[in-house]
Amino acid sequence: MCKAERLPRHIAGQSEIANTVETMIDLLTRQIAVLDHQIAGFIAEDQAVTQQARLLTAAPGISPTVPATPLGKLPELDSLCRRKIASLTSIAPHA
């Protein structure tokens, strides 16, 4: 939503509309920061999840919030081999 709000702000025209768009961007940015903080807290609560997150963020360019999706949706992440995880997530090339 934040990205979508940023796109039309330069063509808003009237200053009232531009101000409303900026207010929405600020609100969404604050909410994203709160959610990122909560997600980091959930990851930090469990030592096994913290270790998995540390491994996932070891790759260059991966921010601390990126591992939240695979950690939340793939509880079997630490128990399956990479091929099975790739197949489970539909990124493995199957005929």
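The values are calculated or read from the model by the stated rules, or taken from the named source; none is laboratory data. Values in this document were obtained by computation on a predicted structure and should not be read as measured data. Here the Cβ is made from the backbone with ideal geometry for all residues, glycine too, and neighbour counts use every protein chain on show.
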Looking only at the range 56-95, which residues are hydrophobic (A, V, I, L, M, F, W, C) and surrounded by 12 or more Cβ atoms within 10 Å (Cβ to Cβ)? Leu56, Ile62, Val66, Ala68, Leu71, Leu74, Leu77, Leu80, Ile85, Ala86, Leu88, Ala92
Within the range 45-55, is even one residue loosely packed, with under 12 Cβ neighbours inside 10 Å and of a type in the set (Val, Ile, Thr)? no
Please find, within the range 1-28, the residue that is modelled with the lowest pLDDT out of those that are part of a helix (DSSP H, G or I) and of a type in the set (S, T, N, Q). Ser15
When restricted to Glu22, Glu16, the only residue acidic (Asp, Glu), over 13 Å from the mean Cα position of the chain (by Cα) and surrounded by 14 or more Cβ atoms within 10 Å (Cβ to Cβ) is Glu22
Being exposed (fewer than 11 other Cβ atoms within 10 Å of the Cβ) and over 18 Å from the mean Cα position of the chain (by Cα) is the filter here, so list the residues in the range 1-13 that pass it. Leu7, His10, Ile11, Gly13
Condition check for Thr29: among the polar types (S, T, N, Q) and surrounded by 14 or more Cβ atoms within 10 Å (Cβ to Cβ): no
Using beta carbons and a limit of 8 Å, which pairs, at least six apart or on different chains, have the first residue in the range 19-40 and on the phi < 0 side of the Ramachandran plot and of a type in the set (D, E, K, R) and the second one surrounded by 12 or more Cβ atoms within 10 Å (Cβ to Cβ) and part of a helix (DSSP H, G or I)? Glu22/Arg9
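Residue under question is Ile43, and the condition is that it be under 30 Å from Ser79 (Cα atoms) and touching a Pro at 6+ places or on another chain (Cβ under 8 Å); does it hold? Give the steps one after another, and end with the answer.
Numbers: under 30 Å from Ser79 (Cα atoms): yes; touching a Pro at 6+ places or on another chain (Cβ under 8 Å): yes.
When the stated conditions are applied, Ile43 passes them.
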Contact list, first residue from the range 58-80 and hydroxyl-bearing (Ser, Thr, Tyr), second anywhere and at pLDDT 80 or above, beta-carbon distance below 8 Å, six or more apart or interchain, is Ser63/Thr57; Thr65/Asp36; Thr65/Ile39; Thr65/Ala40
